[in-house]
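See structure below.
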Amino acid sequence: LENLQPEIKELAKRLRYEVSVRGKQLGWSEKVARFHFAKNMRRIVTELYIRDNCHPFKATLLLWVQIPMWVCVSLALRNCSVGAVGSAVQEQFSSGGALWFTDLTTPDSTWILPVSLGLVNLLVVEV
């Protein structure tokens, strides 16, 4: 989408000129000229999206899959660590950590894991 912006800007400039010339020939009001400009601009941008196969909805599609997946995984991990009282899973979580987090059933008091997870996710999104 970003790569199309210079081309869209150039086409918009050309279309604005053509609409103004055509509007003067046919005696359009400013409102009618803006309507024709917007209608034709939408058509041109849609054709560019089809040509380059980069519709804006495709950028949000991953988000609509990722959010429900994240919620389900978070709930499953919470149920494994907190909801399963006295089970073998909770016993394994309480003795299966490493480094400074030896008990996976207690919150991270140093905030190292949540902050590092957030930074890694931000890095992935930015890259």
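Worth a mention:
- Yes/no for residue 76 being over 29 Å from the mean Cα position of the chain (by Cα) and of a type in the set (Gly, Ala, Ser): no
- Checked against (1) in contact (Cβ under 8 Å) with a residue 24 or more places away in the chain; (2) in contact with a Phe, Trp or Tyr (Cβ under 6 Å, 6 or more places away or on another chain); (3) within 26 Å of residue 5 (Cβ to Cβ), residue 44 passes all but a single condition, namely (2).
- Checked against the criterion of being loosely packed, with under 11 Cβ neighbours inside 10 Å and among the polar types (S, T, N, Q), region 41-60 has at least one qualifying residue.
- Of the helices (runs of 4 or more DSSP H) that lie entirely inside region 32-127, those containing 3 or more residues that are aromatic (Phe, Trp, Tyr) span 57-78.
- Residue list for region 11-38, filter: open to solvent by less than 90 Å² (accessible area, probe 1.4 Å), on the phi < 0 side of the Ramachandran plot and without any contact (Cβ under 8 Å) to a residue 24 or more places away in the chain: 19, 20, 21, 23, 28, 29, 32, 33, 36, 37, 38
- Of all residues making up region 104-115, the number that are surrounded by 11 or more Cβ atoms within 10 Å (Cβ to Cβ) and not hydrophobic (A, V, I, L, M, F, W, C): 4
- Counting residues in region 72-91 that are open to solvent by less than 90 Å² (accessible area, probe 1.4 Å) and touching a Leu at 6+ places or on another chain (Cβ under 7 Å) gives one or more.
The values are calculated or read from the model by the stated rules, or taken from the named source; none is laboratory data. Worth saying up front: this structure is predicted, and the values here are computed from it rather than measured. Here the Cβ is made from the backbone with ideal geometry for all residues, glycine too, and neighbour counts use every protein chain on show. Keep in mind that these areas ignore ligands, DNA and RNA; they rest on the heavy atoms of the full protein, side chains included. Shrake-Rupley method; radii C 1.70, N 1.55, O 1.52, S 1.80 Å.
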